């Protein structure tokens, strides 16, 4: 059966960008890493906007003033994790709690979650994930994989996101989701596996983005 794409407005997804880490290995806030001249956190907001995700939350933790002073987050709701030292799951919970405020909880049915230190998701990946939410209504959510390895972003239904609040703030998301009906979708998308934690990671990712240069055949080969 041919899969029918589902538009983002039908699902009313929200976007949750986790930028609460200390970025100690990068040496500066990873949210401000410049990709094509635009801070990485803004790149994620643009990717969400392209799918009609008008409800966008960015969770900060460390270097809050630096990030707010250098990135344009006016189109997002910005919240601060009061205990970022507890880890990324605590930032996730901070964002979900924000989205479940009475004024916001009826504006979304599904949630896209991505750490800020991943490259912005390709549109084909988001389209596939959001379509799967419609095609498989019994699933709690979906995780993209490339050659069997899980990556980002993930999408969860609101009912599943609510349950995450019951776990310890020091939990790991992958382990918590083992108890949920979350499906993996394999796709040819190596970008979903990248984590840009260090300058070396960024350099390797940029090299991987460059198109292969084909050498022209030598009209006078040796011999």
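Values quoted throughout were computed directly from the atomic coordinates according to the rules given, and no laboratory measurement underlies them. Bear in mind the structure is a predicted one, so any value in this text is a computation, not a measurement.
Annotation: extensible slack from residue 185 through residue 210 equals 6.4 nm (criterion: 0.36 nm per residue apart, minus Cα-Cα distance).
The long axis of helix 40-49 is offset from the longest Cα principal axis of the chain by roughly 70 degrees.
For segment 20-117, a Kirkwood radius taken over Cα pairs fed into Stokes-Einstein (37 °C, viscosity 0.692 mPa s) yields D = 237 µm²/s.
Eigenvalues of the Cα gyration tensor times 5, then square-rooted: what semi-axes does that give for segment 65-176, in whole angstrom, largest first?
Taking √(5λ) for each eigenvalue gives 23, 18, 16 Å, largest first.
With a ≥ b ≥ c the root eigenvalues of the C-alpha gyration tensor of segment 10-202, is it rounded (a/c under 1.5), prolate (a/b larger than b/c) or oblate? Note, shape of segment 10-202 comes out rounded.
If the chain linking residue 97 and residue 65 were pulled fully straight, counting 0.36 nm for each residue of separation and taking away their Cα-Cα distance, it would gain 9.3 nm. The calculated 222 nm mean residue ellipticity attributable to helices in the chain amounts to -8000 deg cm²/dmol, summing -39500 (n - 2.57) over DSSP H runs of n ≥ 4 and dividing by all residues. Between 203, 47, 110, the GNM of the chain built on Cα springs shorter than 10 angstrom shows 203 fluctuating the most.
Using a Gaussian network model of the chain in which every pair of alpha carbons under 10 angstrom is joined by a spring, one finds that among 89, 28, 142 the greatest mean-square fluctuation is at 28.
Rounded if a/c is under 1.5, else prolate if a/b is larger than b/c, else oblate: which is segment 55-106, with a ≥ b ≥ c the root eigenvalues of its Cα gyration tensor? It comes out oblate by the Cα gyration axes. Highest GNM mean-square fluctuation among 66, 145, 94, for the chain modelled with Cα contacts below 10 Å: 66. Using only Cα atoms and rounding to the nearest 10 degrees, what angle (0 to 90) does helix 123-135 make with the longest principal axis of the chain? Relative to the chain, helix 123-135 is tipped by roughly 40 degrees. For the chain, the relative contact order is 23 percent, taking Cα pairs closer than 8 Å that sit 6 or more residues apart in sequence and dividing their mean separation by the residue count.
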